[in-house]
1. Can you pull out the residues in the stretch 15-49 that are surrounded by fewer than 22 Cβ atoms within 10 Å (Cβ to Cβ) and of a type in the set (Lys, Arg)?
2. Could you identify the single residue in Gly78, Gly114, Gly52 that is farther than 19 Å from His135 by Cβ, under 14 Å from the mean Cα position of the chain (by Cα) and either in contact (Cβ under 8 Å) with a residue 60 or more places away in the chain or crowded, with 16+ Cβ neighbours inside 10 Å (or both)?
3. Applying the selection to the stretch 144-192, what residues are buried (at least 18 other Cβ atoms within 10 Å of the Cβ), touching a helix residue (DSSP H, G or I) at 6+ places or on another chain (Cβ under 8 Å) and in a strand (DSSP E or B)?
4. Please give the number of the condition Asp59 fails out of (1) in contact with an Asp or Glu (Cβ under 7 Å, 6 or more places away or on another chain); (2) assigned to a loop (DSSP other than H, G, I, E, B).
5. Within 26 Å of Asp20 (Cβ to Cβ) and out of contact with any Leu (no Cβ under 9 Å at 6 or more places or on another chain): is that true of Leu201 in this structure?
Amino acid sequence: MNIQDVCQRYLRLYTGAIGDVLDKRGYRNQALPASIQARTVANRVAGPAFTGLGFPTEDAASSDMDARVKMLDSITPGTVSVWSCHGSSNCAHWGELMSTAARERGCTGAVLDGGLRDTDLVNAMGYPVFAAFQHSGSSIGRWEIKEWGVRVKIGNTVIEPGDFVFGDVDGVVIVPGALTEEVLAEAEDVYAREKGMREDLRRGVPVKAAYEKYGSL
């Protein structure tokens, strides 16, 4: 599997098609919560998950800088950084410096159930970040990075390192790693049939005839 080719093929699709394929396969909890949306102008991302998790802290003197540096140095190029923030809501968990450091290590974007700050600066980078909210507060003394390269859970979705992450303007969907290529091929077929049906409907083909021609999507 050429992962760069796979990413480019996913980026030509949309999350709805991917989600429909996963639903039909019985994977019905792969879309992340509706609150997790692109908070940046760059609103498409695709790649294997580089997972991490952190927890709230009430220790104002606490600093996770050592863990943060080790985590950033562990990033695998071509991945999407995916973070479970465990309910922390009083700060931002990702910003311009994290985006810069992660990008320089080959990370193609970030997805988190927490907050983003420095949005204008991240937009100037053209870097895609999908987050649950935006917040100006620093995470230092409010939230700590604990582990990375581990299984995480966001909403009802369990995400393993290496699962495939795809995000667009409608949100984020997670494809189990072993199914990355199979789901891609099926979604491309759905996309092609939907395109054909769309063109027929625009030409005035009756809806029933179009559905009979292209089958269930």
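1. Passing the criteria: Lys24, Arg25, Arg28, Arg44.
2. Gly78
3. Glu144, Ile145, Trp148, Phe164, Phe166, Gly167, Asp168, Gly171, Val172, Val173, Val175
4. All conditions are met except number (1).
5. yes
Readers should treat all values here as calculations from the given coordinates under stated rules, not as data from a laboratory. Computed from a predicted model, the values in this text were never measured in an experiment. With ideal geometry, Cβ positions are generated from the backbone for all residues, glycine too; neighbour counts draw on all protein chains shown.
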